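One structure is given below, encoded as structure tokens.
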Amino acid sequence: MTGLVRKDFYLSVSMFKSYVLVALVFAMLTFAGIYDSSFFVAYVSVMCIMIPVNLFAYDEQARWDKYAAALPGGRRGVVMARYLFTTLVCVGSMVFSILLHLAAGLASGAQAQERMDLLLSGLIPAAYGCLMNAVLLPLLFKFGSQKGRLYLLLALGLGAGLIFGGLTALREMGLSLSQLEFPLAALPAVGLLALIPSYFVALGIFLKKDL
Amino acid sequence: MTNAIEVRGLCKDYGDFQLRDVDLTLPGGSILGLIGENGAGKSTTIKAILGLIRRNGGSIRIFGREILGDDPSYKEDIGVVLDEASFHDPLKVPQVGRVLSGVYRDWDSARFDAYVERFRLPRDKKIKEFSRGMKQKLSIATALSHHPRLLILDEATSGLDPVVRDELLDEFLAFIQDEDHAVLISSHITSDLEKAADYVTYLHRGRVALQGAKDELLETYGRLVCSRADLQKIDPALLLGTRVNQFGCEALVKDRRAFQRRCPGLTVDPVSLEEIMVFTVRGDGK
């Protein structure tokens, strides 16, 4: 099964150039003051979701599922590897967000309170990425990447609305993110834990599928 | 000796297509060719053996062990080449090797490198730059590099030029020199199977239309060319299929020797697997 995770890693690296290019564009737009930094942060959560979706698309193109299920890990190995890699992507993006926000906080000379706000606002999109993956992965195993992309758009739209709406509502209520420190800090863990039941749902789907 | 594959009463219902009561036996040290027209059920049979579809009935044994549910452990012994290339366009050959070294317990990197060398596969090119033949060779190199006992090849030689096909068939023949090894190969290129197969199973419309030792089948069956008047005199029980055209009649004879004893005046020629297939499909019901 480690081989299948390695395969996902190689494919993600092959997509890396495009991701970096898009990140640079967002960074430039942020520096130019067209977008605020939260937009760049949201990009991390989008990547968190896009990488698994693109992996499904690559697999379909190569008709990999059929072949992979004929390997010694069987169908269970295919599902497990995809969840393991997705978890690594989610954890990686969380770490990246935390580091990015800490660096931004230190560079801007933000006070402790502001730094905490920055950190939490960085964690939310990564946690959102995990939660969306927990919902999307079984759908991708069921319907494939073509239909899965439609669900992805829906998820992104709803999620972006929830995040930006929630942040605006908090601001209007005069609350800062740091006042919701505990529930927000728990979100990444909730996102990661949500992948566990999601795995069993996806496995159930994939075990029944005729390849 | 234990058979490499034993399939009994295999059934799969897709609604518009049914695989019905397929029996198949592949003894060790031999190659079984699965032939049939497109959509006859060859790939469905292979998928059932590999556990890629849920069968509606029947049993499958691999090296004597019954395959039940989703236990994939028997797949360590199997090298698989499927109809379409299974490796991703952005990958390179060494990456494929590293991926599969984390999949198979007995992956042999030196052996894989040797096959890559022998098949003259470029290591620095992405798979998207490979020709179909190169992709198939890569699939075969991976299928052989983990010390499998059984090769399952679905249309592994289709779309390849005769030189490459010949090269690959030699590889399969070398593989079965060990009596513990066996090859199941599906193909609609019957000339390949005539060259390499020891046994043949012919699937037609989801059923086994014909099976047995290849040499025996080619020895037993024959092609009769005669006039309409001659054909009318022949007991239909002696024939499997007939084709009538403006120049005369052709028929597939079930038992060449018995036929010649009964009808000494008529000539029966040897038949190829392709002719057996064509007669059965086109002469079906005639």
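Laid out as a table, the results:
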| item | result |
| --- | --- |
| 3 or more residues more than 8 Å from chain A (Cβ to nearest Cβ) and open to solvent by 10 Å² or more (accessible area, probe 1.4 Å): qualifying helices (runs of 4 or more DSSP H) within the range B:47-154 | B:109-118, B:132-144 |
| Subset of the range A:5-22 [within 25 Å of B:PRO72 (Cβ to Cβ) and either within 7 Å of another protein chain (Cβ to nearest Cβ) or touching a Ser or Thr at 6+ places or on another chain (Cβ under 8 Å) (or both)] | A:ARG6, A:LYS7, A:TYR10, A:LEU11 |
| Among (1) within 17 Å of the chain's Cα centre (by Cα); (2) farther than 23 Å from A:VAL91 by Cα - the single one A:GLN146 does not satisfy | (1) |
| Failed condition for B:ARG165, given (1) assigned to a helix (DSSP H, G or I); (2) under 21 Å from B:ARG149 (Cβ atoms); (3) open to solvent by 20 Å² or more (accessible area, probe 1.4 Å) | (2) |
| Members of the range B:169-182 found to be out of contact with any Gly (no Cβ under 9 Å at 6 or more places or on another chain) and either open to solvent by 50 Å² or more (accessible area, probe 1.4 Å) or among the aliphatic types (A, V, I, L, M) (or both), listed by number | B:LEU169, B:ASP170, B:LEU173, B:ALA174 |
| Qualifying positions in the range B:236-267 - open to solvent by less than 30 Å² (accessible area, probe 1.4 Å) and within 27 Å of the chain's Cα centre (by Cα) | B:LEU239, B:GLY241, B:THR242, B:ALA251, B:LEU252, B:VAL253 |
| From the options B:LEU210, B:LEU231, B:LEU193, B:LEU217, residue that is modelled with pLDDT of 85 or more, open to solvent by less than 60 Å² (accessible area, probe 1.4 Å) and touching a Lys or Arg at 6+ places or on another chain (Cβ under 8 Å) | B:LEU193 |
| Condition met for A:TYR58 (at the interface with chain B (Cβ under 10 Å from one of its Cβ atoms), in a helix (DSSP H, G or I) and within 22 Å of the chain's Cα centre (by Cα)) | yes |
| The range B:107-140: number of residues that are within 22 Å of the chain's Cα centre (by Cα) and under 23 Å from A:GLY73 (Cβ atoms) | 4 |
| Looking only at the range A:66-85, and only at residues there that are more than 7 Å from chain B (Cβ to nearest Cβ) and open to solvent by 40 Å² or more (accessible area, probe 1.4 Å), the one that is farthest from A:ILE205 (Cα to Cα) | A:LEU84 |
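The values are calculated or read from the model by the stated rules, or taken from the named source; none is laboratory data. On a predicted model such as this, the values are computed, not experimentally measured, just so you know. All Cβ positions, glycine included, derive from the backbone under ideal geometry; neighbour counts span all protein chains shown. With ligands, DNA and RNA removed, areas are computed over all heavy atoms of the protein, side chains included. Shrake-Rupley method; radii C 1.70, N 1.55, O 1.52, S 1.80 Å.
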